Amino acid sequence: MTYRPVLYCTRRPGPPLDRFVERLWYWECSPLAHMKDRMMPDGSCALVINLYEDETRSYSGAADDVVERYPGAVLCGTYSRYFVIDTHEQRANVGVGFRPGGTWPFFDPASDELQNQHIALRDLWGSAGDTLRERILAAPTPHAKLALLEAELLQRAIRPLQRRAEVDYAIARLGAAPSDY
């Protein structure tokens, strides 16, 4: 069996979310021939909601034989090392790719405290973390699922959706190519 995505679509959020969220995405594919994938660190946080199963599995250990189980909706903190996912369960997902520092308005604790870990969305948002998955499952189309996710982020913000100019400047400088210095 070869890798064949059935459907992949993204949505760039409008202001003011666009300062914190790079993209919202929907992914659906046929079962993959391999059981596990290594997810390489890229310095970003992501909210991932598994629509195929109400569980997310992550593997670690020398032979990727230690399994950690989470509910279907998880926040993946920034990773400094790879982690392994179960491809069988990751056949239909919706998610949020955050910009650097982008989780700040939506979650406690701060993103540096989330490094190298998955956190159940219910542990961050209470029962709303569980009901969000159910509401997204009920949305009729991938685009409706993304619109619902965007609206939920706007509603769930626990801090103002603005940043100080100094923070924007620092993020821009850190993301600049070395020749830009």
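For every residue, the table says whether it meets (1) at pLDDT 80 or above; (2) on the phi < 0 side of the Ramachandran plot; (3) of a type in the set (D, E, K, R).
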site: 11; (1), (2), (3): yes, yes, yes
site: 14; (1), (2), (3): yes, yes, no
site: 22; (1), (2), (3): yes, yes, yes
site: 27; (1), (2), (3): yes, yes, no
site: 34; (1), (2), (3): no, yes, no
site: 38; (1), (2), (3): no, yes, yes
site: 47; (1), (2), (3): yes, yes, no
site: 52; (1), (2), (3): yes, yes, no
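Scanning region 74-122 for residues that are of a type in the set (S, T, N, Q) and at pLDDT 80 or above, we see that the one that is surrounded by the most Cβ atoms within 10 Å (Cβ to Cβ) is 103. Cβ-Cβ contacts under 8 Å between residues 6 or more apart (or on different chains), taken from a first residue in region 54-68 that is within 13 Å of residue 35 (Cα to Cα) to a second residue that is part of a loop (DSSP other than H, G, I, E, B) and at pLDDT below 85, are listed as 57/89; 59/65. Selection of helices (runs of 4 or more DSSP H) fully inside region 68-170 by the criterion of at least 3 residues being more than 19 Å from residue 22 (Cα to Cα), over 15 Å from the mean Cα position of the chain (by Cα) and not basic (Lys, Arg) returns 127-138. For region 123-171, a tally of residues being hydrophobic (A, V, I, L, M, F, W, C), without any contact (Cβ under 8 Å) to a residue 24 or more places away in the chain and open to solvent by 60 Å² or more (accessible area, probe 1.4 Å) returns 2. On inspection, residue 43 does not qualify as modelled with pLDDT of 85 or more and open to solvent by less than 70 Å² (accessible area, probe 1.4 Å). Could you go through region 53-72 and let me know if any residue there is crowded, with 18+ Cβ neighbours inside 10 Å and of a type in the set (A, V, I, L, M, F, W, C). No, that holds for no residue. Name the single residue, out of those in region 172-181 being at pLDDT below 75 and in a helix (DSSP H, G or I), that is least open to solvent (accessible area, probe 1.4 Å). If we take residues in region 172-181 being at pLDDT below 75 and in a helix (DSSP H, G or I), then 175 is least open to solvent (accessible area, probe 1.4 Å).
The values are calculated or read from the model by the stated rules, or taken from the named source; none is laboratory data. This one's a predicted model, so the numbers in the text were calculated from it and none came from an experiment. No Cβ is skipped: glycine too gets one built from the backbone with ideal geometry, and neighbour counts run over all protein chains shown. Heavy atoms of the whole protein, side chains included, go into the accessibility calculation; ligands, DNA and RNA do not. Shrake-Rupley method; radii C 1.70, N 1.55, O 1.52, S 1.80 Å.
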